[in-house]
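Below is one structure, written out as structure tokens, with a few remarks after it.
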Amino acid sequence: QVQLVESGGGLVQAGESLRLSCASSITIVSFNAVAWYRQAPGKQRELVAARTTNGSTNYADSVKGRFTISGDNAKNTVYLHMNSLKPEDTAVYYCNAIWVWRDYWGQGTQVTVSS
């Protein structure tokens, strides 16, 4: 069983930065892929950033050049580095991992960006 715990959310002003963390109960090296999703009020959950085991990454057009997904194998933690935050980035951010081709989700962390 995989447990994912997000942290690092909060209230920031536009233009500021945040780093979200996703701590895994198992080694992240074993994941087929890891990703960050977000869901804003009244909207569907959307993919923000993803990373596969071979190191390839994929980003939503709205965050390209501002967000970076990375991992620390020693800490079993996946990060989402968010720079130049905008009010439209306000959402609950969820960590997702695919392990043995099953989906696992964290509980989410709120990010609020004020203008």
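The values are calculated or read from the model by the stated rules, or taken from the named source; none is laboratory data. These numbers come from a predicted model, not from an experiment. Neighbour counts run over all protein chains shown; Cβ positions are idealised from the backbone, glycine included. Keep in mind that these areas ignore ligands, DNA and RNA; they rest on the heavy atoms of the full protein, side chains included. Shrake-Rupley method; radii C 1.70, N 1.55, O 1.52, S 1.80 Å.
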Under the Karplus curve 6.51 cos²θ - 1.76 cosθ + 1.60, θ = phi - 60°, whole-Hz ³J(HN,Hα) for region 99-112, x wherever Gly or Pro sits: 10, 6, 6, 10, 8, 10, 10, x, 8, x, 9, 7, 10, 10
Alpha-carbon Debye profile of the chain, log10 I(q)/I(0) at 0.15 Å⁻¹: -0.58
Pairwise centroid distance, computed over Cα atoms, of region 70-85 with region 4-23, Å: 10 Å
Label-point separation, Ala60 to Asn73 (7 Å along Cα→Cβ), nm: 3.0 nm
Interchain or long-range residues, amide H under 5 Å from Glu16's placed H: Leu85
For region 40-46, 3J(HN,Hα) per residue [Karplus equation, 6.51 cos²θ - 1.76 cosθ + 1.60, θ = phi - 60°, Hz, x = Gly/Pro]: 8, x, x, 10, 6, 5, 10
Derived scalar couplings ³J(HN,Hα) [region 17-27; Karplus, 6.51 cos²θ - 1.76 cosθ + 1.60; whole Hz; x for Gly, Pro]: 10, 9, 10, 8, 10, 10, 8, 9, 7, 10, 4
1.4 Å probe accessible area per residue over the chain, in Å²: 54 Å²
Radius 10 Å from Cβ of Val92, net charge of other residues (Lys, Arg +1; Asp, Glu -1): +1
Aspartates and glutamates with Cα under 16 Å of Lys43, excluding same-chain neighbours fewer than 8 positions away: Glu88, Asp89
Accessible-area composition of region 1-63, carbon plus sulfur, in percent [1.4 Å probe]: 46 percent
Over the chain, relative contact order from alpha-carbon pairs under 8 Å, at least 6 apart, %: 37 percent
Trypsin sites (Lys or Arg not before Pro) within region 38-107, DSSP loop, no more than 16 other Cβ atoms inside 10 Å: Lys43, Arg45, Lys64, Arg66
